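Participant: Got a structure for you, questions after.
The values are calculated or read from the model by the stated rules, or taken from the named source; none is laboratory data. Because the structure is predicted, anything quoted here is derived from the model rather than measured. Note that we place each Cβ from the backbone using ideal geometry, even for glycine, and neighbour counts take in every protein chain shown. The protein model used for the area step is the full one, side chains on, heavy atoms only, and it has no ligands, DNA or RNA in it. Shrake-Rupley method; radii C 1.70, N 1.55, O 1.52, S 1.80 Å.
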Amino acid sequence: MRILLLIFFISAVAVHSAPLAPVVPLAAQPSAHFDVDAATNAWLATVPAASKARSDAYFEGGYWLTLWDFLYTAAVMIVLLETRLSAKLRDAAERLSRFRTVQSVLYWIEFLAVTSALLFPLTVYEDFFREHQYGLSNQSFGSWFLDQLIALAVTFVLGGLAFAVVMAIVRRLPRTWHWWGAAFGVLFFAFVAMIAPVFLFPLFNKFTPLPDSSLKREILSLARANGIPAKDVYEVNASRQSNRVSANVSGFLGTERITLNDNLLNRCSPQAILSVMGHEMGHYVMRHIVNTTLFLAIALTILFGVLRWALDGTLQWRAERWRVRGIGDAAVLPLAVLILAALNLLATPIGNSFVRMQEQQADIFGLNAARQPDGEAEVDLLLGEYRKLNPGPLEEILFFDHPSGRARIQAAMRWKAENLCLFDAKLPCPAKTAR
Ligand SMILES: [Zn+2]
């Protein structure tokens, strides 16, 4: 009952009316003595102290959750190995079928069912209760749980397919499997990225072409100016799950599309929406999905190499006790997950920095394309509801997969300082003197 009341309260406060234009603080308004740092600080100062404290607590809690996620996952995997439950699951799979590929798939299904159940307490806290506690979600438990079941079903199918292929590679190519495994990993990522907008995302949300409006005409004009076909711009009903403002580019090899979420459309000024559009168009035009695939190819090659080395070493020491027959035995999976989770934890700052670099590029592209630095600052503050606005430099490198609010607003104000004539014809635009 308390949860229901909480949900009702959150959905009641989540209804915002969108501003007609960004409310620009005095120090960020165009003037002959416009100062980038003063403008940035003025924008940040518009956030009430209580909201900032809540966002900081939410985001900093996330640092610890990364660690708890790893420790909890590691504990579950160690239990599976030490109790020989993993070996028993493999035995059960072998009793059900003579075919090795089918055995791999059956083992995967058992493994996923057991680990999902054991990890459920952390999942429900992290994805449901915590999101509600911080006012970021308005989804009922039933609806959330159904989403989880759908995601689990997708993981049964896609994960089962991937696991069976990797096991077949390991058995047939015992000396070079880590190279082929990495290559398959890249192909599999590209495949999932390609089918996701068409087959996976619609399982959770409704995607529709943008509704007609003067704003839509501006967005499509911006899209045309940047070489993006109109059919690639969609709206998604993200308010089904949360009130986070967001947008993204998804798809690969022909299924690419830009999606704006309805929270963005309902909560932001037209200038802020255009600014976000410019950013997403940056990802699209600069083909960041291709960069990501190349990055993944390097990362997976290193990851699989280390995985092979760590599996060989650990199995020599522990295989008999765990009743794992070798790397070609499906029962080795908990050990592989444990090693990959540890490597993933260590590599998080590298992955974050790679993504953050692309986000900075998209920000600059968006400022140049949409020319809405105040809209950018407006939306950066809304993103600050779930991302710490003003972190230390090292904190940003380690934990941020997008630039912080301060960094993004500073970039926007730096852009504005060089383009003041766009906002007041009497002021100079140093970059446009040759006109
Ligand atoms: Zn982005």
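Participant: Relative contact order for region 201-268: what is it in percent, counting Cα pairs under 8 Å that are at least 6 residues apart?
Facilitator: 30
Participant: Under a 1.4 angstrom probe, counting protein chains only, how are L119, L264 ranked by accessible area, largest first?
Facilitator: Listed by decreasing accessible area, they come as L119, L264.
Participant: If ligands, DNA and RNA are left out, what is the accessible area of D35 with a 1.4 Å probe, given in Å² to the nearest 10?
Facilitator: Near enough 70 Å² of accessible area.
Participant: If I model region 138-253 as equal point scatterers sitting on the Cα atoms and use the Debye formula, what is log10 I(q)/I(0) at q = 0.12, 0.13 Å⁻¹?
Facilitator: Debye curve over Cα of region 138-253, log10 I(q)/I(0) at q = 0.12, 0.13 Å⁻¹: -0.65, -0.73.
Participant: Kindly work out what percent of the DSSP beta bridges joining two residues of the chain are antiparallel, to the nearest 5.
Facilitator: Within the chain, antiparallel bridges account for around 65 percent of the total.
Participant: Are there any helices in the chain, counted as whole DSSP H runs, that stretch 30 Å or more along their axis by Cα and score at least -0.5 on average by Kyte-Doolittle, and if so which?
Facilitator: What comes out of the filter, once short or polar helices are dropped, is 49-82, 100-124, 141-172, 288-322, 333-370.
Participant: Also, quick follow-up: Which chymotrypsin sites (Phe, Trp or Tyr not before Pro) does region 40-139 hold that lie in a coil by DSSP with at most 14 other beta carbons within 10 Å?
Facilitator: Of the chymotrypsin sites (Phe, Trp or Tyr not before Pro), the ones in loops of region 40-139 whose Cβ has at most 14 other Cβ atoms within 10 Å are F99.
Participant: Taking only the C-alpha atoms, wrap a convex hull around region 178-237 and report its volume per residue in Å³ as a whole number.
Facilitator: Dividing the Cα hull volume of region 178-237 by its residue count gives 105 Å³.
Participant: Please state the relative contact order of region 272-416 as a whole percent: Cα pairs under 8 Å, 6+ residues apart?
Facilitator: Computed over region 272-416, the figure is 37 percent.
Participant: Restricting things to alpha carbons, find the Rg to Rh ratio for region 251-362 using the Kirkwood radius for Rh.
Facilitator: With Rg and the Kirkwood Rh in hand, the quotient comes to 1.18.
Participant: For the chain, what is the mean residue ellipticity at 222 nm derived from helices alone (per DSSP H run of n ≥ 4: -39500 (n - 2.57); sum divided by total residues; nearest 500 deg cm²/dmol)?
Facilitator: So the helix-based figure for the chain works out to -22000 deg cm²/dmol.
Participant: Probe radius 1.4 Å, ligands and nucleic acids ignored: give me the carbon and sulfur share of the accessible area of region 266-350 as a rounded percent.
Facilitator: Carbon-and-sulfur percentage of accessible area, whole number: 67.
Participant: Additional query: Do any of K388/K426; K231/K416; K52/K416; K52/K426 go past 27 Å between their Cα atoms, and which?
Facilitator: Among K388/K426; K231/K416; K52/K416; K52/K426, the Cα-Cα distance tops 27 Å for K388/K426; K231/K416; K52/K426.
Participant: Can you pull a Stokes-Einstein diffusion coefficient for region 310-435 at 20 °C (1.002 mPa s), Rh from Kirkwood over Cα pairs, as a whole number of µm²/s?
Facilitator: 117
Participant: Whole number in Å², please: accessible area per residue of the chain, 1.4 Å probe, ligands, DNA and RNA not counted.
Facilitator: It amounts to 50 Å² per residue over the chain.
Participant: On to the next question. Quick one, can you get me the convex hull of the C-alpha atoms of region 93-191 expressed as volume per residue in Å³?
Facilitator: 134
Participant: Give the Cα extents of region 33-110 along the principal axes, in whole Å, largest first.
Facilitator: Its Cα atoms span 78, 25, 16 Å along the three principal axes.
Participant: Along each principal axis of its Cα atoms, how long is region 175-334 end to end? Whole angstroms, biggest number first, please.
Facilitator: 68, 31, 23 Å, listed from the longest principal axis down.
Participant: Using the reciprocal of the averaged 1/r over all distinct C-alpha pairs, how large is the Kirkwood radius of the chain in Å?
Facilitator: The Cα-based Kirkwood calculation yields 24.1 Å.
Participant: Quantify, in whole percent, the carbon and sulfur part of the accessible surface of region 11-88 (1.4 Å probe; protein heavy atoms only).
Facilitator: Answer for region 11-88: carbon and sulfur cover 68 percent of the accessible area.
Participant: Can you pull out the trypsin sites (Lys or Arg not before Pro) in region 180-233 that DSSP calls coil and that have at most 14 other Cβ atoms within 10 Å?
Facilitator: In loop regions of region 180-233 (DSSP not H, G, I, E or B), the sparsely surrounded trypsin sites (Lys or Arg not before Pro) are K206.
Participant: For Cα pairs less than 8 Å apart in space and 6+ apart in sequence, what is the mean separation divided by the residue count of the chain, i.e. the relative contact order in percent?
Facilitator: 24
Participant: For region 3-157, just the Cα atoms, rotate onto the principal axes and tell me the three extents in Å, largest first.
Facilitator: 79, 34, 25
Participant: Another question about this same structure. Return, for the Cα atoms of region 296-335, the radius of gyration and Dmax in Å, separated by a comma.
Facilitator: Cα radius of gyration and Dmax of region 296-335 are 11.3, 35 Å respectively.
Participant: Shifting gears a bit: By accessible area of protein heavy atoms, probe 1.4 Å, what ranking do R244, R95 get, highest first?
Facilitator: Of R244, R95, the descending order of accessible area is R95, R244.
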